[in-house]
Amino acid sequence: MRIRTLLMAAAAAAAPGLAALALVSALGARQGRTAMESLTVALGGALRTEDSQPFRRALALWRDAVRTTDATPRGLKRFCNRARLFAIVERLDAQPPVTPEHHVVALTALHHVSPKLVAQLGAALQRDGETAELWRRRDWQALQPLASEGCGLDDATLRLLARCLEAHAQAFGELPDAEAVQRFNSLLGRIAVR
């Protein structure tokens with residue numbers, strides 16, 4: 001009984017010191033983890049993270065469009081990984097990120113379906129106020145000539161893209177603006193994905 005009382009007294013006396021030690025250790029571990037994460041990314045390693053809810057919703061919205069070019073599970077996984085890569089680069093380029101992740105997914109899907117489409121859209125949105133207004137109003141019929149010029153998209157694919165764009169706009173309240181499209185085109189110029 002006496003040993004138990006002595007142990008309890010010793011534990012009570014050491015508790016403030018142990019609490020302080022635990023706090024310092026936790027802060028050090030967090031700081032060390034942040035440094036380790038930066039080192040891992042810098043060396044080309046991968047960190048396990050979880051996709052955000054808007055990112056997952058956007059992936060689900062664009063899945064059918066992505067399957068028009070490659071309906072295999074590997075093709076869908078490739079698209080998801082490209083969208084994650086572009087979202088990570090966008091997040092690291094600007095704090096806070098200029099383009100939300102769900103818009104990055106939409107632009108990645110459009111690029112996946114037709115690499116020329118995003119470039120043409122970006123150029124048209126920059127030079128032509130009428131195209132920007134049609135894009136903002138979600139007038140897909142008027143934008144159809146832009147998408148069919150040199151993009152190699154058939155009418156069925158264009159209708160599917162229009163449905164995905166409309167679903168995206170309804171889910172998130174807006175479409176990527178001209179600046180987001182330009183940033184994405186710039187991103188494509190800096191990253192070579194095979």
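The values are calculated or read from the model by the stated rules, or taken from the named source; none is laboratory data. What you see is a predicted model, and the numbers here were worked out from it, not measured in a lab. Glycine also receives a Cβ, built like all others from the backbone with ideal geometry; neighbour counts cover every protein chain displayed.
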(request) Give the residues of segment 121-166 that are of a type in the set (Val, Ile, Thr) and either loosely packed, with under 14 Cβ neighbours inside 10 Å or at pLDDT 80 or above (or both), sorted by residue number. (result) Thr157
(request) Taking only segment 149-169 into account, find how many residues are more than 24 Å from the chain's Cα centre (by Cα) and among the basic types (Lys, Arg). (result) 1
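Across segment 79-114, what is the number of residues that are of a type in the set (D, E, K, R) and farther than 19 Å from Glu50 by Cβ?
Of segment 79-114, the ones of a type in the set (D, E, K, R) are 82, 84, 90-91, 93, 101.
Imposing the further condition that a residue be farther than 19 Å from Glu50 by Cβ reduces the set to 93.
The number of residues fulfilling the criteria is 1.
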(request) Filter segment 37-91 down to the residues that are within 22 Å of Leu161 (Cβ to Cβ) and of a type in the set (Ser, Thr, Tyr), then identify the one that is modelled with the lowest pLDDT. (result) Thr69
